[in-house]
1. Running Debye on the stretch 102-178 with equal point scatterers at the Cα sites and no solvent, what base-10 log of I(q)/I(0) appears at q = 0.15 Å⁻¹?
2. Name the lysines eligible as straight-distance cross-link partners of K45: C-alpha to C-alpha under 18 Å, and not fewer than 8 places from it in the same chain.
3. When only Cα pairs under 8 Å and 6 or more residues apart are kept, what is the percent relative contact order across the stretch 26-173?
4. Sorted by accessible area (1.4 Å probe), largest first, how do D43, D11, D178 line up?
5. Under the Kirkwood approximation for Rh and a Cα-based Rg, what ratio Rg/Rh is obtained for the chain?
6. Cut-off under 18 Å on the C-alpha distance; same-chain residues fewer than 8 positions from K77 excluded. Which aspartates and glutamates are left, in chain and number order?
7. Straight-line reach only, C-alpha to C-alpha below 13 angstrom: list the aspartates and glutamates that K114 could link to, leaving out same-chain residues fewer than 8 apart.
8. In square nanometres, what is one fourth of the surface area of the convex hull spanned by the alpha carbons of the stretch 1-93?
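The values are calculated or read from the model by the stated rules, or taken from the named source; none is laboratory data. As the structure is a prediction and not an experimental result, all values here were calculated from the model. Positions of Cβ are backbone-derived with ideal geometry, glycine not excepted, and every protein chain shown enters the neighbour counts. SASA here: full protein model, heavy atoms, side chains in, ligands and nucleic acids out. Shrake-Rupley method; radii C 1.70, N 1.55, O 1.52, S 1.80 Å.
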Amino acid sequence: AGITTDTILLDPFCGSGAIITEAMLLGYKNLIGMDVSEKAIADTKQNIGWITNHYSLLLTHYSFNIFQSDVRNLSKKIKNNSIGAIATEPFLGKPLRGNETLAEIKLQANELKKLYLAAFEQFQKILTPGGVIIFIIPCFRYRGDWIKIDCLAEIKKLGFTPVPLWEKNTSLLYSRPDQHVGREIWKFIK
């Protein structure tokens with residue numbers, strides 16, 4: 001994200017807390033994690049405790065707030081214009097086995113598009129001007145091609161500008177040859 005370690009960093013789909021705990025080890029001091037899953041929040045808190053116990057000499061002073069909430073309610077939980085950066089891998093949809101029909105994949109892509117756009121509407125409210133978002137948008141392999149979630153135009157309309165990750169590449173697609181779900185990594189600026 002290219003932010004300073006005192007910037008408030010939010011992971012709104014924190015899962016088991018990988019981004020939060022990695023940020024702790026990198027010296028970030030103001031961390032917020034949330035997830036819709038109660039188990040994910042419990043796992044995040046447990047992993048923060050483990051990192052704190054095992055790496056206490058590496059950790060600088062930090063504060064964190066971990067809570068359960070749906071991303072669509074984010075602006076009810078976090079003050080407007082208060083978050084400097086968001087880094088997250090959101091819900092990527094139900095696991096795929098490779099035998100799904102094109103209609104099933106397109107239905108999942110459309111459902112995720114709605115979730116992501118609702119998330120970006122909330123991000124618009126809570127992110128500071130000039131704030132950064134690192135966001136994964138999945139794509140789904142179907143017969144050798146990628147089915148992508150077409151939400152970039154709507155994200156731009158919400159006031160976010162994609163920033164190339166390097167040179168002329170606006171995003172980075174990560175996948176293994178045998179994977180059914182690829183992860184397209186994006187960087188946006190408000």
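1. Summing over Cα pairs of the stretch 102-178 leads to -0.62.
2. Reachable lysines: K29.
3. Working: 153 pairs, mean separation 34.8, N = 148.
That works out to 24 percent.
4. Details: D43 40, D11 5, D178 115 Å².
Accessible-area ranking of D43, D11, D178, largest first: D178, D43, D11.
5. Details: Rg = 16.9 Å, Rh = 17.4 Å.
On the Cα set of the chain, Rg over Rh gives 0.97.
6. Within the straight-line limit of under 18 Å, K77 reaches these aspartates and glutamates: D11, D35, E38, E121.
7. D150, E154
8. On the way: hull surface 23.6 nm².
Average of the hull's projected areas for the stretch 1-93 equals 5.9 nm².
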